[in-house]
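J.: Structure below; questions to follow.
The values are calculated or read from the model by the stated rules, or taken from the named source; none is laboratory data. All figures in this text were calculated on a predicted structure; none of them were measured in a lab. Cβ: placed from backbone, ideal geometry, glycine included. Neighbour counts: every protein chain shown.
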Amino acid sequence: MGKVPAGGRPASPDDSAWPGTKELLHQFNLSYTKMLAALQEAWEAPIGADLVSGAVGLMRDLDSRGSALIKRKRTADGKENYGPEFLFVAHEPINDASQ
């Protein structure tokens with residue numbers, strides 16, 4: 001997996017081989033953002049509030065979403081795969097022409 005440039009990876013010509021990749025990346029980033037928010041909420045909660053388990057559940061969701069990305073080849077020669085970007089994003093839908 002190659003290094004992700006600042007702001008995420010731009011679409012490449014090879015994206016057409018895996019329709020929906022842009023949406024998978026976005027959904028991973030949304031899950032990551034929700035997990036960070038859950039951790040922040042747990043941190044700020046009064047002692048005894050059991051909010052950490054919710055964040056842990058969101059962490060497990062990242063595992064399955066990340067695994068789906070890693071299985072996708074990014075280049076035609078198969079030398080690079082997609083992977084998570086770990087971007088903090090606003091909760092807005094994206095437009096993906098491949099959907």
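J.: Does Trp18 qualify as being modelled with pLDDT under 85 and hydrophobic (A, V, I, L, M, F, W, C)?
T.: Values: modelled with pLDDT under 85: yes; hydrophobic (A, V, I, L, M, F, W, C): yes.
When the stated conditions are applied, Trp18 passes them.
J.: Further, regarding this structure: Does Leu25 count as of a type outside the set (Asp, Glu), within 18 Å of the chain's Cα centre (by Cα) and over 20 Å from Pro5 (Cβ atoms)? Let's see the steps before the verdict.
T.: Working: of a type outside the set (Asp, Glu): yes; within 18 Å of the chain's Cα centre (by Cα): yes; over 20 Å from Pro5 (Cβ atoms): no.
It is false that Leu25 is of a type outside the set (Asp, Glu), within 18 Å of the chain's Cα centre (by Cα) and over 20 Å from Pro5 (Cβ atoms).
J.: Still on this structure, I have one more. Name the residue that is farthest from Asn81 (Cα to Cα), counting only residues in the stretch 51-69 that are among the small types (Gly, Ala, Ser) and either in contact (Cβ under 8 Å) with a residue 12 or more places away in the chain or surrounded by 14 or more Cβ atoms within 10 Å (Cβ to Cβ) (or both).
T.: The first filter runs over the stretch 51-69 and keeps only residues among the small types (Gly, Ala, Ser), leaving 53-55, 57, 64, 66-68.
Next cut, either in contact (Cβ under 8 Å) with a residue 12 or more places away in the chain or surrounded by 14 or more Cβ atoms within 10 Å (Cβ to Cβ) (or both) only: 54-55, 66, 68.
Working: Gly54: 30, Ala55: 27, Gly66: 11, Ala68: 11 Å.
Looking at residues that are among the small types (Gly, Ala, Ser) and either in contact (Cβ under 8 Å) with a residue 12 or more places away in the chain or surrounded by 14 or more Cβ atoms within 10 Å (Cβ to Cβ) (or both), I get Gly54.
J.: Quickly run through the stretch 18-54 and pick out the residues that are outside any helix (DSSP H, G or I), among the small types (Gly, Ala, Ser) and within 30 Å of Arg72 (Cβ to Cβ). Quick ask: steps written out before the conclusion?
T.: Going through the stretch 18-54, the residues outside any helix (DSSP H, G or I) turn out to be 18-20, 45-51.
Cutting the leftovers down to among the small types (Gly, Ala, Ser) gives us 20, 45, 48-49.
Across the stretch 18-54, the qualifying residue is only Gly20.
J.: Which residues, counting only those in the stretch 53-76, are more than 14 Å from Leu25 (Cβ to Cβ) and at pLDDT 85 or above? Break it down into steps so the answer makes sense when it comes.
T.: First, pick out the residues of the stretch 53-76 that are more than 14 Å from Leu25 (Cβ to Cβ): 53-61, 63-64, 73, 75-76.
Across the stretch 53-76, the qualifying residues are Ser53, Gly54, Ala55, Val56, Gly57, Leu58, Met59, Arg60, Asp61, Asp63, Ser64.
J.: Let me ask something else about it. For the stretch 23-50, which residues satisfy the criterion of being at pLDDT below 85 and surrounded by 12 or more Cβ atoms within 10 Å (Cβ to Cβ)? Spell out the reasoning first.
T.: Of the stretch 23-50, the ones at pLDDT below 85 are 45-50.
Scanning the stretch 23-50 gives a single hit, Ala45.
J.: Okay, next question. Can you tell me how many residues in the stretch 57-77 are over 11 Å from the mean Cα position of the chain (by Cα), of a type outside the set (A, V, I, L, M) and part of a helix (DSSP H, G or I)?
T.: Residues that pass the stated criteria total 2.
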